[in-house]
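The values are calculated or read from the model by the stated rules, or taken from the named source; none is laboratory data. Since the model is a prediction, treat every value here as computed from it, not as a measurement. Note: ideal-geometry Cβ built from the backbone for every residue, glycine included; neighbour counts use all protein chains shown.
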């Protein structure tokens, strides 16, 4: 059975409209705020992707032609041109083959990365100068949370995919729905690669494990190119979320879509917006050069609010309006709100500080 999935911002508006009178003023600004952070979350992911692709292409090019190797900024410009063309695809159904190709390449690439990690044995770390630190520094916790949330929460893609599915009911089916199976697989892969990668390379581990494998090994170069290909095919999926929010919610409705004379104008406007957003992702990448810092900033700026603060606020509003709240539920929701706000502020601040120190 086909049904329409209510978008996250619409849920916020509906909940606040039916909430306690003291919170109903949030019915108008909260959906815009949520749109803003979902938009920047996925555009930020696109920024990370450009950085990642450029790093891997730069290393590969340096291996094959060290004397004529392009600078990283040149790779970023080339990638931007490719992405401008690739991201003119406007239908999510047409983007699904890109995702499938990316998943196949990802499986191959992960297998090859594991080969390099285990090739010399985990008891013979080749790059680690000392024992692995079991615990990081306390001030790094906000950055860790940003990285963790960046890897775990893709709320915009999740909602968009469910809404476009032929049978959305299979998405949430328990326990073997697409959501549960997909996230379980992702968590297992993250934990496995993260643990063995850090144990292997220790404090010298890079923002991406592909940057730690040998730089002069031809097979390692192939691994980098495979992962760069994965990201090239994944970029349009996240870009779709950002451009869909901006175009559908804030631009297209201003035009009379029934007027055929405005069709060309609509096409031009959308084309320009798509080009501009890709260029914006390039500019952010140039501003924040370090991949790991960029990941932390994107995760810290957007996801504590989307993943903790707003859900806590919505549940608190529902319980108060229905008079079903208990002291435990109120404490839980207040904790989520404070937790989200805390890591939003500290994570974003620490990320910016790290970037300024690098400069």
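Does segment 296-304 contain at least one residue that is more than 22 Å from residue 341 (Cα to Cα), in contact with a helix residue (DSSP H, G or I) (Cβ under 7 Å, 6 or more places away or on another chain) and either touching a residue at least 60 places away in the same chain (Cβ under 8 Å) or surrounded by 13 or more Cβ atoms within 10 Å (Cβ to Cβ) (or both)? No, every residue in segment 296-304 fails to be more than 22 Å from residue 341 (Cα to Cα), in contact with a helix residue (DSSP H, G or I) (Cβ under 7 Å, 6 or more places away or on another chain) and either touching a residue at least 60 places away in the same chain (Cβ under 8 Å) or surrounded by 13 or more Cβ atoms within 10 Å (Cβ to Cβ) (or both).
Need a quick list: helices (runs of 4 or more DSSP H) entirely within segment 149-256 having at least 1 residues that are at pLDDT 75 or above.
Here the list reads 178-201, 218-250.
Of all the numbered requirements in (1) outside any helix (DSSP H, G or I); (2) under 30 Å from residue 252 (Cα atoms), residue 78 misses one, and that requirement is (1).
Considering segment 89-103, and only residues there that are outside any helix (DSSP H, G or I) and surrounded by 13 or more Cβ atoms within 10 Å (Cβ to Cβ), the residue that is modelled with the highest pLDDT turns out to be 89.
The criterion of being in a helix (DSSP H, G or I), at pLDDT 90 or above and more than 30 Å from residue 306 (Cβ to Cβ) does not hold for residue 34. Which numbered condition trips up residue 19, out of (1) at pLDDT 85 or above; (2) farther than 30 Å from residue 173 by Cβ; (3) in a helix (DSSP H, G or I)? Residue 19 satisfies every listed condition except (3). Under the condition of being at pLDDT 80 or above and surrounded by fewer than 17 Cβ atoms within 10 Å (Cβ to Cβ), which residue from segment 104-136 is farthest from residue 185 (Cα to Cα)? Here the residue is 119. You will find that of 244, 174, the residue that is over 23 Å from residue 78 (Cα atoms) and touching a residue at least 24 places away in the same chain (Cβ under 8 Å) is 244 and no other.
Could you please find all residues in segment 226-238 being within 20 Å of residue 289 (Cα to Cα) and touching a helix residue (DSSP H, G or I) at 6+ places or on another chain (Cβ under 6 Å)? It would help to see each step written out before you state the result.
Let us first name the residues in segment 226-238 that are within 20 Å of residue 289 (Cα to Cα), namely 227-228, 231-232, 235.
227, 228, 231, 235, listed by residue number.
On inspection, residue 271 qualifies as surrounded by fewer than 16 Cβ atoms within 10 Å (Cβ to Cβ), in contact (Cβ under 8 Å) with a residue 40 or more places away in the chain and over 26 Å from residue 12 (Cβ atoms).
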